[in-house]
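Every read-out reported here was derived from the displayed coordinates using simple, explicitly stated rules and does not represent laboratory data. What you see is a predicted model, and the numbers here were worked out from it, not measured in a lab. All Cβ positions, glycine included, derive from the backbone under ideal geometry; neighbour counts span all protein chains shown.
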Amino acid sequence: MATLETMFGAGEVETFLGLPRWRDLSRLEADIALIGAGMATPYSSVGPYCRNGPGAIRAASAAYAANLGHVNFDLGGPVLPEGVHAVDAGDLPQAEDDIEGNRARIFGAISQVLDRRGVPVLIGGDDSVQIPMLEAYGARGRPVTILQIDAHIDWRDEVGGERMGLSSTMRRAAEMDHVEQIVQVGARGIGSARGGDWADARRAGVEFVMAGEIARHGVGRAVDLVPEGGEVVVCFDLDGMDPAVMPAVIGRTAGGLSYWQVLELIGGAAERGRIAGVGFVEFMPERDVDGIGALTAAQCLTSILGIVARQR
């Protein structure tokens, strides 16, 4: 049977979009480095339910791997403009019984990319992988703004005694001295947040742009909340998108962002500031429907790479 892969001349790939594999981040010679992390601090109740996410997203990019230099009409040119280089560092070794080690390996890998003045793109994995990623920016000497896209606000202080899990990401981020501002976009429906969690977030100065506002008025106010000239870390939980295009998540909730709204939001943030890192998380291939989520994830990540590549 003919497939898009055979028509485009692509085959199996081990890296995202067939990018060069880079094994030693301490010697990084690229502008952008992708890093896979299947888990950090999983809850015992669900385990590392997104551990296969990085591999599934890479596999979904295979159709375009042989055509990286072709025109991408979402970007107005090839994904990577001439002179911009991106690599894939593969997956970090992670283990369910070594959560301290999991976090340390993520922190170390992100730190190495930042030390080499690259932009790290962390592919998860559940949302807990973003806590050590965000911690790595603390030694850089510059404040950062977090732009979170998510159906949930992730402000639980603890879940079952665990304070570094996926439901606490933004609360832990707000406790970091180098995090200057948090803009949370896309919350909707009923999630894990209690009234006190939301009140704590607002007292901490978080700016919320709910999914309903995006549907009615677009992403303009969310973009305007990103400080001009600052460093921006994008924390993109894929359940922030509508499940019609992103079914491969554990918490499907109608009314999420569309592909174009995501691109307009991240592109607008890149125009106001500089995207200094991306966490691309919460992809659960076991929940996918006919590969739709994987294709959407691969297309989103491809376009995000193009946006980051153009901000130079």
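General remarks:
- Degrees separating the helix 292-310 axis from the principal Cα axis of the chain, which is the longest one: 90
- Residues in segment 294-312 that a label on R117 would reach, taking backbone N under 20 Å of a point 7 Å out along Cα→Cβ: 308-312
- Between segment 46-122 and segment 294-312, the C-alpha centres lie 11 angstrom from each other.
- Pairs of Cα atoms farther than 19 Å apart, segment 1-159, %: 61
- Only DSSP H runs of four or more residues enter the estimate; each adds -39500 (n - 2.57), and after division by the residues of the chain the mean residue ellipticity at 222 nm equals -9000 deg cm²/dmol.
- Residues F73, F208, F280 arranged by fewest to most Cβ contacts within 10 Å: F73, F208, F280
- Annotation: average projected area of segment 180-312 is 7.9 square nanometres, based on the convex hull of Cα atoms across all directions.
- Equivalent-ellipsoid semi-axes of the chain, from the Cα gyration tensor, Å, largest first: 27, 21, 21
- Scoring 267-277, 232-242 by mean Cβ neighbours within 10 Å over their residues and listing the highest first yields 232-242, 267-277.
- Taken over segment 13-106, the alpha-carbon convex hull comes to 109 cubic angstrom per residue.
- Compared with the alpha-carbon gap, the fully stretched path from M210 to V159 is longer by 16.0 nm at 0.36 nm per residue.
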